[in-house]
Amino acid sequence: MTSKPQELAAVAPREVLTVTEETNSAPQSPFGDQFSDVEAPELEPMLKSSVARRWIRDIHDMVGNDMYPFQQTMQSKSGPAVVSNSRDMFMLSSYDYLGLLGHPYIENASINAIRNYGTGTGGARMLAGTNQLHRALEAKIAAFKRKPAAITFSSGYMANLAVINGIVQKSDRIIIDENVHRSLIDAIYMAQVECVKFRHNDLEHLRELLAEETTAKKTFIVIEGVYSMEGDLCPLPEIVELKKEFGAYLILDESHSLGLYGENCRGVDEHFNVNPEDIDVFTSAMSKCVPSGGGFLACSEQTVTVLQHSATPFVFSCAMSPANTAACLAAFEVIEKEGPERLKKVFENANYLKKHLKRLGYNVGKTQSPIIPVIIGNKEKTLRLSARLYALGILANPVIFPAIPPGEDRLRLCVTAAQSKYMLDEIILAFGMCRSIVE
Ligand SMILES: Cc1ncc(COP(=O)(O)O)c(C=O)c1O
């Protein structure tokens, strides 16, 4: 007997909420009754390790205190207002900075792509999985990033694995900013290449490391345009100068800066008026300002040709789906037309929220972007703040150890162009109501 598939109905969220409609609802546990006993569950023999033990104990504590804030299930599109766990809520942790999720042009492109190309490609790019949407998107990205060529992958994480594993050799060395994303760290482990970290955005430290004697054949510097935990920018012009002085190569991850900087939203190179030729490889996710899923590298034609054959995510992993590829292509077209206006709006919103959070006495670090860290420095208080905001109807994700060093616990807020002043005022009111938690 076959069972009937469960009906999943998406719902449209209410956009006018008020935080004074406080409920008792706590973030919901997605674990069923796994953590319902007073004691944390025993570890299965296969899982026995200190890491698994810590996770199970921590999750048990969070669930037991009604404060497990992760994996809250949405029943609507993401956007500034969502339905989560059957409740209308304001979303304050979506990477949709330009507010393009739900844009009709992008959605229609994606729906048409499924009709014309199906729901999957039937293979990896190298084999049977390349279609004309991939070609069109790669041409569009190359033009947008002002590089000769581009290559796409099924996620930003895959793009980062690809660039390190496809280009860097064991005989080379990598110098990374200490705050680069985990995908780049994982890629470096996989490539088994010598790697040293420079203190975050510290040009003197970077210079010292570049000047050290080395037997490495080539040196790669790896940085990000905007750092996702702090929301601050890289000092790109100075790093380009250093790269030239020491004959190094530069890989720049623009996952959080693509779409948000420069007159035409091209990214930090346009913002700083740096010649794109001076960046050897741009890498980026297409799951943030580009509201889809996928990743790209923009570089020389020959680099793309080599990557098509040496980058394992291109050869051994599935191609970007037609729906995602078409959404990305349409999103770049929309960014070309509407990006500058949306960019203005998202920074107005970010400055407004930042100003009021500071007035309320919250520490928002040194952000220069729509990512606003609310630094609490204590895991328990951070979880309590997130849970109280949840009860007030606001989804604001905490970032706690091990995603961040102990003592740097925080909420990470993401402002978007789609938030109205009314929404921001309600959010500010809620933060005012929660102030005592962090005192
Ligand atoms: C800087 C950076 N690079 C890469 C990625 C990975 O992108 P994706 O989520 O598309 O795999 C992220 C994800 O948040 C990121 O922040």
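The values are calculated or read from the model by the stated rules, or taken from the named source; none is laboratory data. Being a predicted model, the structure only gives us computed values, none of them experimental. Glycine gets a Cβ as well: all are built from the backbone with ideal geometry, and neighbour counts include every protein chain shown.
For this structure, a couple of remarks:
- Residue within the stretch 278-289 that is assigned to a loop (DSSP other than H, G, I, E, B), away from the ligand (no atom under 16 Å from the Cβ) and not polar (S, T, N, Q) present: yes
- Filter result for LYS366 (of a type in the set (D, E, K, R) and part of a helix (DSSP H, G or I)): no
- Scanning the stretch 290-303 for residues that are more than 11 Å from the ligand (Cβ to nearest atom) and surrounded by fewer than 24 Cβ atoms within 10 Å (Cβ to Cβ) turns up SER300, GLU301, GLN302, THR303.
- Some residue of the stretch 267-275 being within 21 Å of the chain's Cα centre (by Cα), hydrophobic (A, V, I, L, M, F, W, C) and within 12 Å of the ligand (Cβ to nearest atom): no
- Filtering ILE375, ILE371 for residues that are modelled with pLDDT of 95 or more and surrounded by fewer than 23 Cβ atoms within 10 Å (Cβ to Cβ) leaves a single hit, ILE375.
- Number of residues in the stretch 209-227 that are within 15 Å of the ligand (Cβ to nearest atom) and among the aliphatic types (A, V, I, L, M) equals 3.
- A search for C-beta distances below 6 Å between a residue of the stretch 147-167 that is in the same structural domain as VAL193 (by TED's automatic domain parsing) and any residue that is within 12 Å of the ligand (Cβ to nearest atom) and polar (S, T, N, Q), counting only pairs 6+ apart in sequence or on different chains, returns GLY156/SER255; TYR157/SER183; ALA159/THR283; ASN160/SER183; ASN160/THR283; VAL163/THR283.
- The requirement of being surrounded by 15 or more Cβ atoms within 10 Å (Cβ to Cβ) and in contact with a strand residue (DSSP E or B) (Cβ under 9 Å, 6 or more places away or on another chain) is satisfied by ALA350.
- For VAL306: the one exception among (1) more than 16 Å from the ligand (Cβ to nearest atom); (2) assigned by TED's automatic domain parsing to the domain that holds VAL180; (3) surrounded by 16 or more Cβ atoms within 10 Å (Cβ to Cβ); (4) of a type in the set (A, V, I, L, M): (3)
- With respect to (1) of a type in the set (Asp, Glu); (2) more than 16 Å from the ligand (Cβ to nearest atom); (3) in a loop (DSSP other than H, G, I, E, B), the lone exception for GLU230 is condition (2).
- Condition check for SER420: over 30 Å from PRO235 (Cβ atoms) and exposed (fewer than 15 other Cβ atoms within 10 Å of the Cβ): yes
- Only listed residue being crowded, with 22+ Cβ neighbours inside 10 Å and either assigned to a loop (DSSP other than H, G, I, E, B) or not small (Gly, Ala, Ser) (or both), chosen from ILE428, ILE335: ILE335
- On the stretch given as the stretch 243-266, residues that are crowded, with 18+ Cβ neighbours inside 10 Å and either assigned to a loop (DSSP other than H, G, I, E, B) or within 13 Å of the ligand (Cβ to nearest atom) (or both) total 15.
- Inter-residue pairs, beta-carbon under 6 Å, first closer than 13 Å to ALA391 by Cα and in the stretch 76-92, second modelled with pLDDT under 90 and surrounded by 18 or more Cβ atoms within 10 Å (Cβ to Cβ), 6+ apart: ASP88/PRO13; ASP88/LEU17
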